[in-house]
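Visitor: One structure, as C-alpha cells, below. Some questions next.
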Amino acid sequence: ETYVRAKTADAILDASHKVDRALRGAAMAMGCRVEIETVPGNLPLRNDPVLAEVFRDNAARLFGKASYRDYGHSGGSTDAGDLSQFMPLLHPMMTGAAGTHHQ
C-alpha cells in the first residue's frame, strides 16, 4: 500500500503513475506479479487567499502579528483538501505556545 501526496492534483496523478511503473518494474525484475488498485485519497489543501487575509487581519488585531503564520503548502493531508478544490476554504494555523515542537 502506498500513498502519494503533492501540491496539485496533476502532480499527484503524475507521481502515482511513476510509483505504479516502479512497482510493476520491481515485480518484473523479481519474477512476480503485482496487482495495483488506485483509489482516490486526499486532494491537496488550497487555502482561499481572501479568507486567509480576513483571518490574518483579525488574528493580528486580537493576538498580535506573531500569532498567525502562513505556512504555505504542507505535506500533510486532510479531507479539507478535498473540499478546498470545490469551494472557498481556510484551514488556518496559529501559534499556541513559545518554543519549538521538535529539537
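Please treat every number below as a calculation from the coordinates, not as lab data. All figures in this text were calculated on a predicted structure; none of them were measured in a lab. Note that we place each Cβ from the backbone using ideal geometry, even for glycine, and neighbour counts take in every protein chain shown.
Visitor: With N residues in the stretch 1-93, what two-decimal value do you get for its Cα radius of gyration over 2.2 N^0.38 Å? It would help to have the intermediate numbers written out before the result.
Guide: Details: Rg = 18.6 Å, N = 93, 2.2 N^0.38 = 12.3 Å.
Here the answer is 1.51, to two decimals.
Visitor: Kindly write out, for the stretch 61-74 in residue order, the coupling ³J(HN,Hα) from the Karplus curve 6.51 cos²θ - 1.76 cosθ + 1.60 (θ = phi - 60°), rounded to whole Hz, with x marking Gly and Pro.
Guide: 5, 7, 10, x, 4, 6, 6, 10, 9, 7, 7, x, 6, 10
Visitor: Another question, if that's okay. Counting just the Cα atoms, what span does the stretch 42-98 cover along each of its three principal axes? Round to the nearest Å and put the largest first.
Guide: Extents along the principal axes: 32, 23, 13 Å.
Visitor: Quick check on packing: order 27-39, 72-84 by the mean number of other C-beta atoms within 10 Å, highest mean leading. Please list the in-between numbers first.
Guide: Details: 27-39: 8.8, 72-84: 13.6.
Going by the mean number of other Cβ atoms within 10 Å, highest first, we get 72-84, 27-39.
Visitor: Just to be sure I understand the model, the point goes 7 Å from the Cα along the line to the Cβ. What's the resulting F55 to E35 distance in nm?
Guide: Going by the 7 Å Cα→Cβ label model, 4.2 nm.
Visitor: Between Q85 and R24, with labels modelled 7 Å along Cα→Cβ, what's the label distance in nm to one decimal, could you check?
Guide: It works out to 2.3 nm between the two label points.
Visitor: Highest first, please rank the peptides 4-17, 54-67 by the mean number of other Cβ atoms sitting within 10 Å of their residues. Display every interim value, and only then the final one.
Guide: On the way: 4-17: 14.1, 54-67: 12.5.
Highest mean packing first, the order is 4-17, 54-67.
Visitor: Using a simple charge model, +1 on the beta-carbon of Lys and Arg, -1 on the beta-carbon of Asp and Glu, nothing else, what dipole does the stretch 42-98 show about its Cα centre, in debye to the nearest 20?
Guide: Working: 5 positive and 6 negative charges, 52 e Å.
That gives the stretch 42-98 a dipole magnitude of about 260 debye.
Visitor: Now a separate question. Please state the relative contact order of the stretch 42-98 as a whole percent: Cα pairs under 8 Å, 6+ residues apart? The partial results should precede the final answer.
Guide: Details: 66 pairs, mean separation 30.8, N = 57.
Reported as a whole number, the value is 54 percent.
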